[in-house]
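Chemist: What follows is a single structure, and I will ask about it in a moment.
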C-alpha cells in the first residue's frame, strides 16, 4: 500500500519504518527541514534501538523516503497518518495546533478518497476537529472529496518501539459506522495484516472509545508507578522492604509484576502530559479525577526523594560536595530527557552549592542541550554540571554516587573500584539495582528507595570492635 506519515518524529518515524519493512511504500513528511536533511543523509534524529538500521534498509530498497513537500506527500498515500506532536498547553490540555495544521494541509491537497489516521495521542473529540478542518479546506477549494477519519493510537514504549510495532499486543482502531468507515476498516485490516499472522490483534471500536483508550492505558500505568512509590516511602518509615512487598503482591495474577518497581519517579513525553490531558478532559466534562490529581502530585514529590536522601546525609548546604550521577535519560534505551527525574536532582544539587559529574550511555548530548536551557539564566550553576565519558570516570573526585536511570551497564559495576573512588563511600540508588548486603560488604553505605539503608559491613564491624575493646572484660 501507499502510505503517508505526517510528522517524522518518534511515533511517525517508527510507524513509517515498520510499515515499509513489511513492503509498503511510505513517504514521511515533516516541516522541519533540518530533520528531513538528517534522514535523507542516512541518520535519524532520535535514539531508538534497531530503528537506524531499519530506516537505512528500507531507504536502500526504495520503500521509504522523506520530504518537506506537502503536496507530494498528500498525493502519495491513500492512508494518511497524522503523527505530529501534541505538547501540553498551559492549562495541561493537549495542544492540537499541529494536528489541525496537518489536517488542513491534507484538505488543501487531497485528490481522491483518503483514510486520515490520528496516530498522535489526542483527547476525545479530536477526530471531529480533524474532520472539520479537512471539510473547511475542501469547502474553500469548492470541491467535495470523500474521506474518513480513524483513531489508531500508538502503544510504543521508548527503547522497545520497533519491537512493539512489529509484534503488537493489540491494534486499536476507532472507525465511523458509515460506509466510509467500512472502507477504512478494510484498508486498515489490509495494512496491519502482516503484524498479526498468529492471531487477530485488531480491536475495532467507535472513534471516541479509541481516543480514550490511549489515555486510559497510560494513566493506569502511571497510577501503578505512583502507588508503588507511595508504598515505598511508607515501607521506609515502617521498616519494611518494598522489593519483598513487590514480590508478594506481584505474584497475585490479578496484579502482576509489570510497572510495580519503586523508584525516583516517571518522566518522558507520554505519562506526564497524558495524565495532565486526561485530567483536563475530566474537568471540562464536569468529572474531575481525584485519583489522577494524586498520581501527578505523588510523582512530582517522588522526583525529590533522592535529593531528600542526599540532604539527610550531607545537610542542606552541599557546597564543596561533588556527586557522580549515573543515568540522565528518563528511562534506559533512549536519549529522551523530557520530564526526566535527573533534571530535578541535578538542579537541586547545584542550587544547594554542590556540583555534579554525570554519565549516560546515549543521552549526554541531549542532556547538555536541555541543561543549557534549564540554566540559561543561571550560567554559574550550569558550570557546576560536568560530564564523563564512562561511569567510572564520573566517580573520580565524587563524594557519593547517585543512580537515576536503570541502564543495564550499571547493573554489575566493580564495587571495589567504586569504593576506592568515592571519598564518602555512599551510593544513593534511585532504581534499587543492587543487593543491599552485597554492596555493603564492599565498605559502601547503600541508600535505596523503600528499603532499609545498609551501612558498610567493614565500617560497622570496625565500630563494633572498637566499642568492644573499650568495654570492661568482665561485668562488675
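The values are calculated or read from the model by the stated rules, or taken from the named source; none is laboratory data. Being a predicted model, the structure only gives us computed values, none of them experimental. Neighbour counts are summed over all protein chains in view; Cβ atoms, including those assigned to glycine, are modelled from backbone coordinates with ideal geometry.
Chemist: Identify all residues within the stretch 96-141 that are part of a loop (DSSP other than H, G, I, E, B) and in contact with a strand residue (DSSP E or B) (Cβ under 7 Å, 6 or more places away or on another chain); write none if there are none.
Modeler: In the first step, residues of the stretch 96-141 are kept if they are part of a loop (DSSP other than H, G, I, E, B); the result is 96, 110-113, 119-125.
Answer for the stretch 96-141, where residues must be part of a loop (DSSP other than H, G, I, E, B) and in contact with a strand residue (DSSP E or B) (Cβ under 7 Å, 6 or more places away or on another chain): 110, 113, 119, 120, 122, 123.
Chemist: Hey, another quick one. Any residue at all in the stretch 168-189 that's in contact with a helix residue (DSSP H, G or I) (Cβ under 6 Å, 6 or more places away or on another chain), part of a helix (DSSP H, G or I) and within 30 Å of residue 290 (Cα to Cα)?
Modeler: Scanning the stretch 168-189, I find no residue that is in contact with a helix residue (DSSP H, G or I) (Cβ under 6 Å, 6 or more places away or on another chain), part of a helix (DSSP H, G or I) and within 30 Å of residue 290 (Cα to Cα), so the answer is no.
Chemist: In the stretch 50-66, what residues are farther than 20 Å from residue 82 by Cβ and either more than 26 Å from the chain's Cα centre (by Cα) or at pLDDT below 95 (or both)?
Modeler: Listed by number, the residues that qualify are 57, 58, 59, 60, 61, 62, 63.
Chemist: Could you say whether any residue in the stretch 308-315 is at pLDDT 95 or above, in the same structural domain as residue 384 (by TED's automatic domain parsing) and assigned to a loop (DSSP other than H, G, I, E, B)?
Modeler: yes
Chemist: Right, something else. Regarding residue 43, is this residue in a loop (DSSP other than H, G, I, E, B), without any contact (Cβ under 8 Å) to a residue 24 or more places away in the chain and either out of contact with any helix residue (DSSP H, G or I) (no Cβ under 8 Å at 6 or more places or on another chain) or on the phi < 0 side of the Ramachandran plot (or both)? Don't jump to the end; show me each part of the working.
Modeler: On the way: in a loop (DSSP other than H, G, I, E, B): yes; without any contact (Cβ under 8 Å) to a residue 24 or more places away in the chain: yes; either out of contact with any helix residue (DSSP H, G or I) (no Cβ under 8 Å at 6 or more places or on another chain) or on the phi < 0 side of the Ramachandran plot (or both): yes.
Yes.
Chemist: Let me ask you something else. For the condition at pLDDT 95 or above, more than 19 Å from residue 303 (Cβ to Cβ), within 24 Å of the chain's Cα centre (by Cα) and outside the structural domain of residue 157 (by TED's automatic domain parsing), what is the one hit in 418, 337, 364, 371? Break it down stepwise before answering.
Modeler: Details: 418 fails: within 24 Å of the chain's Cα centre (by Cα); 337 fails: more than 19 Å from residue 303 (Cβ to Cβ); 371 fails: more than 19 Å from residue 303 (Cβ to Cβ).
Criteria check complete, one pass: 364.
Chemist: So, one more: Assigned to a helix (DSSP H, G or I), within 18 Å of residue 301 (Cα to Cα) and at pLDDT 95 or above - does that describe any residue in the stretch 255-262?
Modeler: Checked the stretch 255-262: no residue is assigned to a helix (DSSP H, G or I), within 18 Å of residue 301 (Cα to Cα) and at pLDDT 95 or above.
Chemist: Is it the case that some residue within the stretch 95-106 is under 20 Å from residue 158 (Cα atoms), modelled with pLDDT of 95 or more and buried (at least 17 other Cβ atoms within 10 Å of the Cβ)?
Modeler: Scanning the stretch 95-106 turns up no residue that is under 20 Å from residue 158 (Cα atoms), modelled with pLDDT of 95 or more and buried (at least 17 other Cβ atoms within 10 Å of the Cβ).
Results for (1) buried (at least 21 other Cβ atoms within 10 Å of the Cβ); (2) within 28 Å of residue 261 (Cα to Cα), shown as yes or no for each residue.
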| residue | (1), (2) |
| --- | --- |
| 341 | yes, yes |
| 345 | yes, yes |
| 362 | no, yes |
| 373 | no, no |
| 392 | no, yes |
| 419 | no, yes |
| 435 | no, yes |
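Chemist: Within the stretch 51-62, is there a residue that is exposed (fewer than 15 other Cβ atoms within 10 Å of the Cβ) and part of a strand (DSSP E or B)?
Modeler: no
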